[in-house]
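Only one structure is covered here, and it is reproduced in the block below.
The values are calculated or read from the model by the stated rules, or taken from the named source; none is laboratory data. Being a predicted model, the structure only gives us computed values, none of them experimental. Positions of Cβ are generated from backbone atoms using ideal geometry, with glycine treated the same way; all protein chains shown enter the neighbour counts.
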Amino acid sequence: MGKWLTKLNELDGYVNADQDIFASDNVVAMPSPSLGYVFGKGNGLPRGLIVTLFGPPGGGKSVTVNHIIGQLHHDDPEAIVVKFNTELREAAQLPATDYPLFGIDKDRYVAYNTNAPELIFDRIETEIAAMCEAGAPIKLIVVDSLNNIQGRRSQNATTILTQQIGDEAATLKDGFKRIQSVLRKYGIAMICTNQIRAELDAVEQMRGNKIKMASAFSTQHYIEYFLYVEKNRTKDAKADLLGQELVDSSKVDMAGKEEKTGFKVRFQMKKSTVGIDGRSGEFTWDFKKGIINTHEEIFELGTGLGVITKPNNVMYEFGGNQWRGKEAMITAIRDNTELYNNIWEAIKKLDK
């Protein structure tokens, strides 16, 4: 029997049951603890799989993607990232002067302004696949956004008056079908962004779903994670957990308003075929410093998940040590890297 199993194992497409795609070496880590938490097992995006970020314009999708690229460059000194900007405004959305803000390595980041499907899907299937076969460490591909990719028929039409019903959906479906094996074979993670549209189904509206991702169902079959991203515009989002507002009081406009220094981005895993639906998180983004206050995420996750316990209404406890009051606990996590890491590791173990 052994020789037959050996032969079967040598055939193309063989799945090694011992491979753990959720192991840290096989996952694109997230720059924010709560962002990692919403992915569930692995606490990040397994290489070879796809996540789409959808939400309102200016909601933080690009900020999130850019920080993921920077985190990958930090974690993997050889990783190359390829981006297709279908909105044709790469230089405006991410100028090279902003690379340090996100931690992006200029020498390992390549972007293309194109919305032609053949310059995206064909390029991944042929040229990028060939480079990976030759040893190129391309670990992440970004498409920003799916909605701006032209349909094949409309691309070849001679007038805007020609209606092409279902053209974009069919183009994306065939495109994903062609590149799926490339992503799997070479362990390339993919991040896509998506616009939203109004939910017209009365039943879904009654369930509280007022918007939905603006992509056809056929496209969604090829994506493993669906992450909704938006700015947190509530009153609580104007300040950190210790009450420090996200403004620069030394700068006031003509209306007497203090200049904002950042905002909070919240997200929810709306659907996942390999993870856990419904998990939510939030990070704070500073215009000049990038993601900040991750110690607050650790505190809120730790207390919410029971990793940090409360023996009474005043005390907080972890690892046999106690802190009196929320401010003392938050400050300790901020100032003590070992404590921060220990709580984070305890949180991650919950998904193992």
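Could you say which residue among Ile298, Ile308, Ile343, Ile330 is farther than 30 Å from Gly103 by Cα, surrounded by 12 or more Cβ atoms within 10 Å (Cβ to Cβ), outside the structural domain of Tyr222 (by TED's automatic domain parsing) and β-branched (Val, Ile, Thr)?
Numbers: Ile298 fails: farther than 30 Å from Gly103 by Cα; Ile343 fails: farther than 30 Å from Gly103 by Cα; Ile330 fails: farther than 30 Å from Gly103 by Cα.
Residue meeting the stated conditions: Ile308.
Residues in segment 307-317 that are over 14 Å from Tyr37 (Cβ atoms) and outside any strand (DSSP E or B): Ile308, Lys310, Pro311, Asn312, Asn313, Val314. Annotation: Asp351 fulfils all but one of (1) within 27 Å of Gly70 (Cα to Cα); (2) of a type outside the set (Ser, Thr, Tyr); (3) assigned by TED's automatic domain parsing to the domain that holds Leu53; (4) modelled with pLDDT under 95; the unmet one is (3).
Residue-by-condition table, conditions (1) modelled with pLDDT of 90 or more; (2) small (Gly, Ala, Ser):
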| position | (1), (2) |
| --- | --- |
| Leu146 | yes, no |
| Gln150 | yes, no |
| Asn156 | no, no |
| Thr162 | no, no |
| Ala169 | no, yes |
| Asp174 | yes, no |
| Ser181 | yes, yes |
| Tyr186 | yes, no |
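Sort out for me the strands (runs of 3 or more DSSP E) sitting completely within segment 177-295 that have 1 or more residues that are among the aliphatic types (A, V, I, L, M) and either at positive phi or surrounded by 14 or more Cβ atoms within 10 Å (Cβ to Cβ) (or both). Break it down stepwise before answering.
Numbers: elements: 189-194, 196-198, 211-213, 225-231, 247-252, 258-260, 262-272, 280-286, 290-292.
Of the strands (runs of 3 or more DSSP E) lying wholly inside segment 177-295, those with at least 1 residues that are among the aliphatic types (A, V, I, L, M) and either at positive phi or surrounded by 14 or more Cβ atoms within 10 Å (Cβ to Cβ) (or both) span 189-194, 196-198, 211-213, 225-231, 247-252, 262-272, 290-292.
For segment 22-41, the criterion of being surrounded by fewer than 16 Cβ atoms within 10 Å (Cβ to Cβ), out of contact with any helix residue (DSSP H, G or I) (no Cβ under 6 Å at 6 or more places or on another chain), part of a loop (DSSP other than H, G, I, E, B) and not acidic (Asp, Glu) is satisfied by at least one residue.
Any idea which residue in segment 151-176 is nearest to the chain's Cα centre (by Cα), counting only those that are under 30 Å from Tyr14 (Cα atoms) and surrounded by 15 or more Cβ atoms within 10 Å (Cβ to Cβ)?
Taking segment 151-176 as the starting set, the residues that turn out to be under 30 Å from Tyr14 (Cα atoms) are 170-176.
Right, trim to surrounded by 15 or more Cβ atoms within 10 Å (Cβ to Cβ) and you get 170-173, 175-176.
Details: Ala170: 25, Thr171: 24, Leu172: 20, Lys173: 22, Gly175: 21, Phe176: 19 Å.
By that ranking, first place goes to Phe176.
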